[in-house]
Amino acid sequence: EEEAAEEACMSTIFTDHTKLMLPNEFDITASYFVRFKGRTSGPQFHIEIAKGLWTSTVEIPVTSDGWFDTRVWLPFGPGIYRMSVMKPRDDGTYVTDFNIYVTAEEALYGSQRLQVAYPDRQELSVEDCVNVAGFAGSDRVAVIVQKLGTEERDWTFLDVADGRFLGKVWLERGPGRYSVDVCSPDPSEDLKWWVQTGFYVTRTSEVPSTRRVQLAEPYTYRPVSRDGRLMVSGTTSEDELVLFLGKDGQQRAVAVAVEDGRFERTIWLDRGPGEYRLVFGYPSDRPDFYWFDLALTVTNECDEDLRWLVPTYGVESDDPVIVELARELTFGCDTDYEKGFAVYQWMIRSIEYDYEKLEQLQNGEDLCSSDAGALETLRIRKGVCYDHACLYAALLRAAGVRCRIVFGRGAPSEGDMGHAWNEFWDGERWVPVDCASGADYLYSVGDMGSATDYFDPPDYDETYERVQVRADWHEVPGDYVVDEGDGEAAD
């Protein structure tokens, strides 16, 4: 009886269910939180927090003898709150016992689990990213970003140290208005997150950028090319980038070298005029699988057909070393046919056939691995048929001659394996050229005269079985794996 009398004297707010020592008025002013201290007759103590359209319910821990003492955060920023003390009904629901009104002079956004200190308002504008900072009782928080009017959501995870978190959240889908939800993890279920607060942010910058890729050029998400090419440069946090160029259900992959976080690459739009989709990818933990990041829509206004004239996978015809060598080899040539023959003569004299690599391929190794292609073949001065074909195509394309790689059968040195050679356009027809067989014959026999028989061979249709032209573009796969199957039917 004495304890009950002491409680009644200390409490200025009490009902048959709850006796409050703090707060001790129905209308108070507070900053950030309100301390609730008192005693309840029930096993649980709930408070419903409301401000405008925002509501939140807090369950306050109660001791075995009914006491509670805790801070209840004001989670919806400055303003007037209604904090409803709830009491249970017999059917398990709750009803309001009484209300306390709080004028919050200062308040964070969030909940009892998580409070956001910045942004300190629920509507703001930024260039391309927003800093998010606050307090949380978990090890990390999740930030979900969604551009209004779209279905895609981007997730950013921020680590929590000493109860605090701070991180940069990118608005990765171009200018416009975004909703941003800040979430805490479900303590009882992995991979489940609860939204604790949110805000709206408008991105004003039209320069393409994400957390991993920031472009210096082009300056817009919808660039226009008038000459069939697009210069792409910028900075990245990744060690490797692959660009996926898509048009009309077809795509090709373009590897981009990254040095000290910077990259620069010319992208050729070689499927004629129209709209292209250019997507930046970065490697995942799975082999040959790339995650998508930044995406651009490119309009090509060039009517010129650039097929087999521009650099492609393994045919690095824009490399300065190859460009200079092609210029030297074709100097003084008047026709594309003469250029093709001049480059062929240099190839069979200078690039050996790699029998050791052929043996490795016969044992099942991938022909079109990372050590295949024009530059590597030029560097080591040897290769199998596919390597010869890549270098020949690169040199002719660098000299302005349309040249493609062909797969099929017909070379004695390849045995039962497939074979790769070239065809170049001399202005009237596709001229067949087999550099690998010419080099192999010259090395084995030493007869330069007969070795030239593999340039535009007169019995081409009888001795070669032409299966397909190497496809630099492929059907877009469902999981967007980089298709490196350029030599699928070769060697």
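The values are calculated or read from the model by the stated rules, or taken from the named source; none is laboratory data. These figures come from a predicted structure and were not determined experimentally. Because the Cβ atoms are built from the backbone with ideal geometry, glycine has one as well, and the counts that use them run over all protein chains shown. When the accessible area is computed, the model is the full protein with side chains, heavy atoms only, and any ligands, DNA or RNA have been set aside. Shrake-Rupley method; radii C 1.70, N 1.55, O 1.52, S 1.80 Å.
One table, with the values for the structure above:
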quantity	calculated
Electrostatic dipole magnitude of the range 1-158 [Cβ: Lys, Arg +1; Asp, Glu -1; Cα centre; debye, to 20]	300
By average C-beta atoms within 10 angstrom, highest first, the peptides 453-464, 132-143	132-143, 453-464
Size of electric dipole in the chain: Cβ of Lys, Arg +1 and of Asp, Glu -1, about Cα centre, debye, nearest 20	2000
Degrees separating the helix 385-398 axis from the principal Cα axis of the chain, which is the longest one	90
Ratio Rg/Rh [Cα only; Rh per Kirkwood] for the range 153-212	1.01
Set of lysines near K357 by C-alpha distance (under 16 Å), chain-local residues within fewer than 8 positions excluded	K382
Dipole of the chain, positive end: most advanced residue of Y353, L124, T312 [Cβ charges, Cα centre]	L124
Low-density loop positions, trypsin sites (Lys or Arg not before Pro), the range 191-223 - DSSP coil, at most 12 other Cβ in 10 Å	K192
222 nm mean residue ellipticity, helices alone, for the chain (DSSP H n ≥ 4; -39,500 (n - 2.57); rounded to 500)	-4500 deg cm²/dmol
Amide H within-cut-off set for W291, under 5 Å, with H built and near neighbours excluded	Y282, S284
Exposure rank, largest accessible area first [L74, L108; 1.4 Å]	L108, L74
Set of lysines with alpha-carbon distance to K192 below 29 Å, sequence-local pairs under 8 removed	K51, K147, K168
(1) 1.25; (2) 1.05; (3) 1.35, with the label sought being that of the calculated Rg/Rh (Cα atoms, Kirkwood Rh)	(1)
Where the chain is the region considered: accessible area per residue in Å², 1.4 Å probe	50
Value of relative contact order over the range 167-318, rounded to a whole percent, pairs C-alpha under 8 Å and six or more apart	20
Selection from W67, G408, F157 lying farthest towards where the dipole of the chain points positive, charges on Cβ	W67
Degrees separating the helix 320-329 axis from the principal Cα axis of the chain, which is the longest one	10
The range 229-386 shape via C-alpha gyration tensor axes, a/c threshold 1.5	oblate
Cβ charges +1 (Lys, Arg) and -1 (Asp, Glu), total dipole of the range 284-412, debye	440
Convex hull (Cα only) mean projected area of the range 302-350, reported in nm² to one decimal	4.5
Dipole-positive endmost among L108, V145, G261 within the chain (Cβ charges, Cα centre)	L108
Of all accessible heavy-atom area on the chain, the percent that carbon and sulfur account for (1.4 Å)	46
The chain - percent relative contact order, Cα under 8 Å, separation 6 or more	8
Degrees, to the nearest 10: 336-350 long Cα axis against longest axis of the chain	90
